[in-house]
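The next block holds one structure in the form of structure tokens; read it before the comments.
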Amino acid sequence: RIENICKTTDFKNLDAIFGPLYSSVFKIVSKYAKENGTPIISPVLQHNKILFDNVYSSKVTPSIYSVIENLANFSLDSLNDNRIIIVSTGSVKDLQYIKAFKKEYNNGLLEHKKTLKDSVIEVRGIAGVKDAYQAGKKNMVVLLTNNQVYLQDFITQLFVFSNKKEVSLMGFSSVTNLDNLDQEYLNDLNFHFAETNHINYKDSITLQLAKHYQDLNMADPSEKYFEGYDIAYYYLSHLKSEGPDFFLNLDKYYWNGVSTDFKFYRPDTETGFENKASTIYKYSNYQLHKIGWK
């Protein structure tokens, strides 16, 4: 059915395509979109392979490696008085995350004319953190894993160790959703993380959108509702004001939405655009604070 739809006249006359949502079908549609010179947007897929060899493609959700790069750049820029300690879990996937963080961090050091002796310190587990900890200095522990069992155990031990010490924690936003983790641990450790989507229910536009949804559906909107609004507004308002060439110059148009920010990047002239925007948050005084850094 997808192949047949892509061969129709109506498909060939489209101004832009949003979706499909799943990778296997997206690849099929993307191939035909490229042949027709039609922009195609992925609203949910994370991995960058869908952008390869198609200048008309773009994706809204940053990859996990883009999030890691933002954490590394934030650490270099705003935590330069901290001792950065990155923790290895031994997992192959997590080792790739550590490698990406250190590469971005070290590249930043060289750009700032600093030597690699100021690089992050890689250790294994809580025992390694205890050995690397330096009294009289701020210590930022970076833990890049989504292993819930490991996170639960490590953060509990780090909380106990950090008593009356200058120790903070940085990691993925998934940590905030751990069911059995005491939020006091994250508060005391000033947990830092990068979030690709953010919703401020005190914002007037957010409240208007929520009320509109509630009036129509007699229910509260999900996060996807606000993301959908941002995606439609960003692409379609720029299409209206800039014309079709806008899709080939996404990296020139930054925008902050009610949920999603847009900051596109293209590695070369043969590839599509990835949104790399994410915002740094931290726990403090039992609240989430948005840090003015992007």
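The values are calculated or read from the model by the stated rules, or taken from the named source; none is laboratory data. Worth saying up front: this structure is predicted, and the values here are computed from it rather than measured. All Cβ positions, glycine included, derive from the backbone under ideal geometry; neighbour counts span all protein chains shown. Keep in mind that these areas ignore ligands, DNA and RNA; they rest on the heavy atoms of the full protein, side chains included. Shrake-Rupley method; radii C 1.70, N 1.55, O 1.52, S 1.80 Å.
Structure summary
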| read-out | value |
| --- | --- |
| The chain: DSSP helices with Cα axial extent of at least 18 Å and average Kyte-Doolittle hydropathy no lower than -1.0 | 23-36, 64-78, 92-111, 148-161, 204-217, 223-242 |
| Among 11-20, 207-216, the order from most to least packed when residues are scored by Cβ within 10 Å on average | 11-20, 207-216 |
| FRET efficiency for T269 and K7, using Cβ-Cβ distance with R0 set to 30 Å, rounded to 0.05 | 0.60 |
| Whole-number accessible area per residue in Å² for the range 39-85, which is evaluated in the context of all protein chains at 1.4 Å | 35 Å² |
| Label of the coordinate-derived value, mean projected area of the Cα convex hull in nm², listed as (1) 17.4; (2) 18.3; (3) 20.3 | (2) |
| Under-5 Å amide H pairs with K138, H placed in peptide plane, nonlocal only | R83 |
| Pairs of Cα atoms farther than 21 Å apart, the range 62-174, % | 33 percent |
| Unit charges at the beta carbon, dipole of the chain: most positive-side option, V55, I126, N147 | I126 |
| Positive-end residue, the range 36-111 charge dipole about Cα centroid, Cβ charges, pick of A72, L45, N82 | L45 |
| Per-pair calculated FRET efficiency, R0 = 22 Å: A232 and V25 via Cβ, rounded to 0.05 | 0.60 |
| Solvent-accessible area, 1.4 Å probe, carbon plus sulfur percent, for the range 128-185 | 42 percent |
| Dimensions in Å of the range 52-92 - Rg and Dmax from alpha carbons | 15.1, 43 |
